[in-house]
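See below for the structure under consideration.
We did not get these values from a lab; they are worked out from the coordinates using the rules stated. Just so it is clear, the model here is predicted, and its values are computed rather than measured. Here the Cβ positions follow ideal geometry from the backbone for every residue, glycine too, while neighbour counts run over all protein chains shown.
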Amino acid sequence: MANLARGKVFINVDECKGCGLCVESCPPRCLVLGTELSAYGVRPAAYTGKECTACGICFYCCPEPGAITVYRVRKPTKTVGELQPGGSYAAAL
Ligand code: SF4
Ligand code: SF4
């Protein structure tokens, strides 16, 4: 199945304290706690890479400033074809 994610999340493992609040609050359940310990001895959150909607809930519930950054995937902008003599448009692609 195609990955239809509208967003993606970056977790800063040096700021994450592994509390799991983001994991529990993510509606599509696309965050998990990792299996490896960070330098602080916690299991930081990780993005599964699928289905993030960029809702931002994880960002707002995270108690650690800078631990989560949410990116919204931009739709490609439509290219408008050039207007040809006579009023028709050339194909954009
Ligand atoms: S932005 Fe929303 S969908 Fe994406 S990981 Fe955070 S809570 Fe989940
Ligand atoms: S809420 Fe923040 S500190 Fe807690 S696991 Fe998620 S990213 Fe880490």
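What nm value, rounded to one decimal, do you get for the distance between Thr48 and Val73 when each label is placed 7 Å out toward the C-beta? Using points 7 Å along Cα→Cβ, the separation is 1.5 nm. Whole-Hz Karplus values for the range 47-62 come out as 8, 6, x, 9, 6, 5, 9, 6, 5, x, 4, 4, 4, 6, 8, 6 Hz, taken residue by residue from phi with 6.51 cos²θ - 1.76 cosθ + 1.60 and θ = phi - 60°; glycine and proline positions read x. Counting only aspartates and glutamates at least 8 places from Lys75 when in the same chain, those with an alpha carbon closer than 20 Å to its own are Glu51. If you take all other residues with their beta carbon under 14 Å from the beta carbon of Gly56, and give Lys and Arg +1 and Asp and Glu -1, the sum is +3. If you take all other residues with their beta carbon under 15 Å from the beta carbon of Ala39, and give Lys and Arg +1 and Asp and Glu -1, the sum is -2.
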